[in-house]
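Q: There's a structure below that I have some questions on.
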Amino acid sequence: MQDKNKLIGTPVSRIDGIAKVTGKAAYSTDYPVKNLAYAVLFKSTIAAGNIRSIDTATAEKAPGVLAVITHANAPKLNVDGGIRGGALLQSPEIEFYGQHIGMVVAETFEQARHATHLISVTYDKKEPKADFEKLAKEAVPSRDKEKADASRGDAKAALREATYKVEEVYGTPIEHHHPLEPHATIAEWNGDHVTLYNSSQIVNGAQSAAAKTLNIKPEQVRIVTPYIGGGFGSKGGQWANLVLTAVAAKQVNRPVKLALTRQQMVNSVGLRQRNYQKVSLAATKDGKLTALAHEITTHGAIKNEFIEPCGDCSKIMYDVPNSLITYRTVPMNVILPTYTRGPGKSTGSFALESAMDELAHTLKIDPIELRIRNEPERDPSNGKPWSSRTTVQCLRAGAAAFGWEKRKAEPRQNQQGNYLVGYGVACGTYPAHQRPTSAIVKLKRTGNDIMATVELAAADLGTGTYTILTQTAADALDLPLRNVKVVIGDSDLPPAAGAVGSVGASSYANAVNDACQKITDELLAKSGKQFYARPTAAQLMRSEKITDYQTRIDAKPLESAEEYSAHSFNANFAEVTVNRFTGMVRVNRFLAVTGAGTILNPKTARSQIIGGNIWGIGMALTEESVVDPRYGNFVTRSFADYHVPANLDIGDMDAIFIREDDQKANTLGVKGIGEVGIVGVAAAVANAIFNATGKRVRELPITPDKLL
Amino acid sequence: MRPFTYTRASDPSLAVRELAANPTAKFLAGGTNLIDLMKEDVERPSAVIDISALTLTEIKPIAAGTSKGGISIGGLGKNTDAANHPSIRQHYPLLTQAILAGASGQIRNMATNGGNLLQRTRCPYFYEVAMPCNKREPGSGCGALEGINRLHAIFGWSEKCVAVYPSDMAIALAALDAFVRVKRPNGEERSIPFTDFHRLPGDTPEQDTNLAHGELITAIDLPQNKFADRSYYLKVRDRASYAFALISVAAALEVTGNTIVQARIAMGGVSHKPWRALTAEKMLVGKEATAENFKRAADAEMAAAKPLEHNKFKVELGNRSIVLALQMAMNGGKA
Ligand SMILES: Cc1cc2nc3c(=O)[nH]c(=O)nc-3n(C[C@H](O)[C@H](O)[C@H](O)COP(=O)(O)OP(=O)(O)OC[C@H]3O[C@@H](n4cnc5c(N)ncnc54)[C@H](O)[C@@H]3O)c2cc1C
């Protein structure tokens, strides 16, 4: 179907680009709601214990203050309604440092913030559990069945018998999503209905969580989120700010705006948890894997568990007869961990793909060759055939494009002045799923001009959803781009999958395509005529003189897709230079080669991949949220301390896509690219650093001190 | 942020008098540090006196006084303008490099030279008001002493405070033996040698400098020197830009033949003030400019370091950085 289409697969510039760069695109706090009051949250300064007293008297009398809301006077909410991370002001109990313990609502933001400084709180403190290094020993099996020990063959026995093996522990730190747009909400009640302008990656999920938590019906809640300033998983599940804004608005009987500060982001909207990952590999002398064990130790919040699936890559990456994947977890006084870009895969691949590099070094086999020797024909975890898998092509095309032959096999052999140069490679993968999504297509004819409007409760994280859906509908209806309008980001629209887990593009584009095919079928049937060639919807609107027509579809994944294992795959290549005096690392060049099915728009896709790569470089070199175990607080509270890569950290970036026609995964063959771009990146960088310096760093981030 | 009064000063003499009259008033220059700290509730001035309109922005030759023949840069000039001024680039490239190694283009466009010297520590315990910090709240304890102290001091700290001073510009100024010219509330001027401007924490870490309340920085004087061809500012940090130094070294050499006539080494990221590596400097004078001598000087300087739990790496990193900075200085900044 690729050949027939004109727009899918072409590098159309962002439809919403001009609105964004001219400031016309309204984000959550930009809505011109009248008569706004402002809420500012205040937070606990202990990590465990109970609030003994909160004195709000002075704050209540401060200029402009309309209300101070704490657990003592907050309305009763349903804490099991689907809001993640608690902190709903329902009890005096403190579960983590920086838990919301109240909010001030005032006429202005400044008045509200000032009043939060006038509140005094006393606590009954408990010793916080905040030292992962110590707590890791107490970790126990997960309560989640998905995280039960999974074994194939006998990995431990194979490891005992093997001559060639690698057994190492890899550590990854707590990270924060820190989207450029912090979480923010405007709540406006109209009778017993509330409209919540709130960045939400899952529009219907936010609606349902807000309704349940507020003890009202979903139809009483409207979520409006046409633009999202990044989320990376932190706006997938919803957090207390969403409903607390509604609570505040109800209390003061007028619309309320609440925006988190950057400093508040570290303990309000989840995090990527800290992991220890022990990876054990055994192989024959010629590099055939005989065992792979991936044993993960991590932590949850103090009451609730969340484990990112670090073992997922290890399940499917290599053809190995004996495999073991285990998870152990321990409760900690931190905010609930949550999905973070490439959940489990970005961190898991750091461990697995570093270990593969170590094995290649031990066996003196080129790391690309080692991977090719262990390429599985079928999904080793369930025996299903791949819908498509182009890992080997990714590796070969990448090696050629990157100049892999220039890599010195032995480490520390490439010195240029004060710098050591190294090359690294690592693979990655992420599952490809389509999720049920409904959509409405409306056609309107004015003379010969046909306008199409496509509506669905999809979300655009800033990645290009508007653009790819416009392309998809324009192709399916045979209309020019400018005659298609895409309306998303509103729970009043037909329900759609979330923009999470790399399901957005395939779920939305297939639904829109199906809806457009359906409207053409219906118009054809309505005409009662026979045509030699299938006419387009536009032609039918004209020939049948119809002025308005619409249809709705509830699109579902192909049933046959179940028979296949569908994943995107990549190969990442990094060239680093390391200052041999100071240990400062620079990634000079980075190339990601990805096989992800149909690439709807190579321009936005490239941005997605490069964006993921850059975060991966940050993960490798700079990003870390540091806890002081005595207090349980983060000492890295702003962008001055939490180091995302700056422009100067980024060298030449390039992305190549391997052509795949994968109609087994879904009708359009779209496998998704949002997550896979970060998977394998940190390992490629760490492996390049080893190649440059001979030093293997197994604890991220690789800051200069670790290379002295 | 707490309520405060705001006034705009049009004249330096009035500004100093106004400030001196109110012990909890603060000058506001570029605001890139003060406003952040007010938002965090760390600084709580009752009155803010905006001095950004004062015309103390000139960069000009010094005609008389201690630094005769040098260059004077206005206290309210912007960091960007100081870094890029042709005379600074030509005669004090070390200062240009140090300023450009700090913050970001946008911040340097706002930041003033006086404000830069008075920027406060980036210690996270200072920044978060719920944490103990003797600098912010005397008597409350030091959160970093036994806390997360990877970024903290290895020289000159006390039990009361282990914070480091964050400015890059000031490290170069310490190496260049600059003077800070200030106007006092009584209208008099005084000139403070740069190494006496900032303090070690001792028992009073709440005082960053020896500037008295009410004193206004009007200019920074740079004496003439012969370092321009052989100087280098090395900044080691956790990312390539927009991060404070783990270690920085401002190195400047005057060399005849291959013999070192004068050496200036100042370090950042190691102490509560710009740290002049006087031991290393002394060892270098009269010696050949060789890698071995650089290493010996670095060893001697770093022998006195007292690292904390998480910053032991700074001793080795400081040592290597001194050597590298001296080598780079000898090569005129080329690797
Ligand atoms: C994210 C970030 C990163 C940064 N990174 C770096 C870095 O890497 N390296 C670096 O060196 N700096 C860095 N900075 C700090 C920056 O250089 C300072 O904030 C800036 O130099 C302060 O100058 P200002 O004019 O804005 O000072 P203000 O904030 O206006 O004032 C600071 C203090 O000085 C006082 N003051 C100002 N002018 C005078 C005067 N003439 N006389 C007496 N008192 C005065 C004020 O009362 C106030 O107490 C960074 C800042 C930020 C926000």
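Q: Take residues that are more than 23 Å from B:Glu281 (Cβ to Cβ) and tell me which of the strands (runs of 3 or more DSSP E) falling wholly in the range B:173-264 contain 2 or more.
A: The qualifying strands (runs of 3 or more DSSP E) are B:179-183, B:189-193, B:216-222.
Q: Still on this structure, I have one more. Would you confirm, using the coordinates I've provided, whether A:Thr297 is touching a strand residue (DSSP E or B) at 6+ places or on another chain (Cβ under 6 Å), in contact (Cβ under 8 Å) with a residue 40 or more places away in the chain, open to solvent by 20 Å² or more (accessible area, probe 1.4 Å) and of a type outside the set (Phe, Trp, Tyr)?
A: The answer is yes for A:Thr297.
Q: Still on this structure, please answer the following. I'm trying to understand the selection: among the residues of the range A:675-699, which are out of contact with any Gly (no Cβ under 7 Å at 6 or more places or on another chain) and assigned to a loop (DSSP other than H, G, I, E, B)?
A: A:Gly694, A:Lys695, A:Arg696, A:Val697
Q: What number goes with the only condition from (1) open to solvent by 10 Å² or more (accessible area, probe 1.4 Å); (2) more than 15 Å from the chain's Cα centre (by Cα) that B:Phe244 does not pass?
A: (2)
Q: Only one of these is over 22 Å from B:Asp168 (Cβ atoms) and open to solvent by less than 30 Å² (accessible area, probe 1.4 Å): B:Ile260, B:Ile265. Name it.
A: Working: B:Ile265 fails: over 22 Å from B:Asp168 (Cβ atoms).
Exactly one residue qualifies, and that residue is B:Ile260.
Q: Counting only residues that are touching a strand residue (DSSP E or B) at 6+ places or on another chain (Cβ under 7 Å), of a type outside the set (Gly, Ala, Ser) and surrounded by fewer than 24 Cβ atoms within 10 Å (Cβ to Cβ), which one in the range B:89-107 is nearest to B:Ser241 (Cα to Cα)?
A: Looking at residues that are touching a strand residue (DSSP E or B) at 6+ places or on another chain (Cβ under 7 Å), of a type outside the set (Gly, Ala, Ser) and surrounded by fewer than 24 Cβ atoms within 10 Å (Cβ to Cβ), I get B:Gln97.
Q: Name the single residue, out of those in the range B:5-43 being within 14 Å of chain A (Cβ to nearest Cβ) and more than 12 Å from the ligand (Cβ to nearest atom), that is least open to solvent (accessible area, probe 1.4 Å).
A: B:Asp41
Q: Which of (1) surrounded by fewer than 21 Cβ atoms within 10 Å (Cβ to Cβ); (2) within 23 Å of A:Leu395 (Cβ to Cβ); (3) over 20 Å from the mean Cα position of the chain (by Cα) is the odd one out, the single condition A:Val587 does not satisfy?
A: (1)
Q: Please go through the range B:105-121 and give me each residue that is within 20 Å of B:Gln207 (Cβ to Cβ) and either within 8 Å of the ligand (Cβ to nearest atom) or more than 14 Å from chain A (Cβ to nearest Cβ) (or both), ordered by number.
A: In the first step, residues of the range B:105-121 are kept if they are within 20 Å of B:Gln207 (Cβ to Cβ); the result is B:114-121.
Answer for the range B:105-121, where residues must be within 20 Å of B:Gln207 (Cβ to Cβ) and either within 8 Å of the ligand (Cβ to nearest atom) or more than 14 Å from chain A (Cβ to nearest Cβ) (or both): B:Gly114, B:Gly115, B:Asn116, B:Leu117, B:Leu118, B:Gln119, B:Arg120.
Q: List the residue pairs whose Cβ atoms are under 6 Å apart, where the first residue sits in the range A:414-425 and is more than 9 Å from every other protein chain (Cβ to nearest Cβ), the second is in a loop (DSSP other than H, G, I, E, B), and the two are 6 or more positions apart or on different chains.
A: Note: pairs meeting the criteria are A:Asn414/A:Lys408; A:Leu420/A:Arg580; A:Val421/A:Asn414; A:Tyr423/A:Arg407.
Q: Select from the range B:235-269 the residues that are within 14 Å of another protein chain (Cβ to nearest Cβ) and away from the ligand (no atom under 16 Å from the Cβ) and list them in ascending order.
A: Within the range B:235-269, just B:Ala251 meets the criteria.
Q: Any idea which of B:Ala178, B:Ala163, B:Ala172 is within 14 Å of the ligand (Cβ to nearest atom), buried (at least 23 other Cβ atoms within 10 Å of the Cβ) and within 16 Å of the chain's Cα centre (by Cα)?
A: None of the others qualify; the one that does is B:Ala172.
Q: Within 30 Å of A:His361 (Cα to Cα), polar (S, T, N, Q) and open to solvent by less than 10 Å² (accessible area, probe 1.4 Å), is that true of A:Asn275?
A: When the stated conditions are applied, A:Asn275 passes them.
Q: While we're on this one: For B:Gly139, state whether it is more than 25 Å from B:Lys235 (Cα to Cα) and touching a helix residue (DSSP H, G or I) at 6+ places or on another chain (Cβ under 7 Å).
A: no
Q: Then there's this: For a quick check of your reading of the model, give me the residue pairs whose first member lies in the range B:164-182 and is charged (D, E, K, R), whose second is within 10 Å of the ligand (Cβ to nearest atom), with beta-carbon atoms closer than 6 Å and at least 6 apart or on different chains.
A: Between residues of the range B:164-182 that are charged (D, E, K, R) and residues that are within 10 Å of the ligand (Cβ to nearest atom), the close pairs are B:Asp168/B:Ala98; B:Asp168/B:Ala101; B:Asp168/B:Gly102; B:Arg181/B:Thr218; B:Arg181/B:Ala219.
Q: A follow-up question, please. Please enumerate the residues belonging to the range B:58-77 that are more than 12 Å from B:Ala219 (Cβ to Cβ) and within 16 Å of the ligand (Cβ to nearest atom).
A: If the condition is that a residue be more than 12 Å from B:Ala219 (Cβ to Cβ) and within 16 Å of the ligand (Cβ to nearest atom), then no residue fits.
Q: The conditions are (1) of a type in the set (S, T, N, Q); (2) more than 14 Å from chain A (Cβ to nearest Cβ); (3) within 11 Å of the ligand (Cβ to nearest atom), and B:Thr55 fails exactly one of them. Which is it?
A: Tallying (1) of a type in the set (S, T, N, Q); (2) more than 14 Å from chain A (Cβ to nearest Cβ); (3) within 11 Å of the ligand (Cβ to nearest atom), B:Thr55 fails exactly one: (3).
Q: When both residues are 6+ apart or on different chains and their Cβ atoms are under 7 Å apart, which pairs have a first residue that lies in the range A:465-480 and is open to solvent by 10 Å² or more (accessible area, probe 1.4 Å), and a second that is in a helix (DSSP H, G or I) and hydrophobic (A, V, I, L, M, F, W, C)?
A: Pairs that qualify, where the first residue is open to solvent by 10 Å² or more (accessible area, probe 1.4 Å) and the partner is in a helix (DSSP H, G or I) and hydrophobic (A, V, I, L, M, F, W, C), are A:Ile468/A:Ala505; A:Ile468/A:Ala509; A:Ala476/A:Cys516; A:Asp478/A:Ala538; A:Leu479/A:Ala538; A:Pro480/A:Ala474.
Q: Of all residues being open to solvent by less than 10 Å² (accessible area, probe 1.4 Å) and of a type in the set (Gly, Ala, Ser) in the range B:122-160, which is farthest from the other protein chains (Cβ to nearest Cβ)? Just the residue, please.
A: Selected residue: B:Ala153.
Q: Could I ask something else about it? Just a yes or no: is a residue in the range B:130-149 touching a residue at least 40 places away in the same chain (Cβ under 8 Å), within 15 Å of the ligand (Cβ to nearest atom) and more than 21 Å from B:Glu301 (Cβ to Cβ)?
A: Yes, the conditions are met somewhere in the range B:130-149.
Q: Of the conditions (1) in contact (Cβ under 8 Å) with a residue 60 or more places away in the chain; (2) open to solvent by 10 Å² or more (accessible area, probe 1.4 Å), A:Phe306 fails just one. Which one is it?
A: Of everything listed in (1) in contact (Cβ under 8 Å) with a residue 60 or more places away in the chain; (2) open to solvent by 10 Å² or more (accessible area, probe 1.4 Å), A:Phe306 misses just condition (1).
Q: I would also like to ask the following. Suppose we filter the range B:313-335 for residues that are modelled with pLDDT of 95 or more and either open to solvent by less than 40 Å² (accessible area, probe 1.4 Å) or more than 9 Å from chain A (Cβ to nearest Cβ) (or both); how many remain?
A: Here the count works out to 15.
Q: Give just the number: which of (1) open to solvent by less than 50 Å² (accessible area, probe 1.4 Å); (2) away from chain A (no Cβ under 14 Å); (3) in contact with a helix residue (DSSP H, G or I) (Cβ under 9 Å, 6 or more places away or on another chain) does B:Tyr232 not satisfy?
A: So the condition that B:Tyr232 fails would be (2).
The values are calculated or read from the model by the stated rules, or taken from the named source; none is laboratory data. Predicted model only: the values in this text are computed from it and were never measured. A quick note on method: Cβ atoms are made from the backbone with ideal geometry, for glycine too, and the neighbour counts reach across all protein chains shown. Quick note on the areas: whole protein, heavy atoms, side chains included, nothing else; ligands and nucleic acids left out. Shrake-Rupley method; radii C 1.70, N 1.55, O 1.52, S 1.80 Å.
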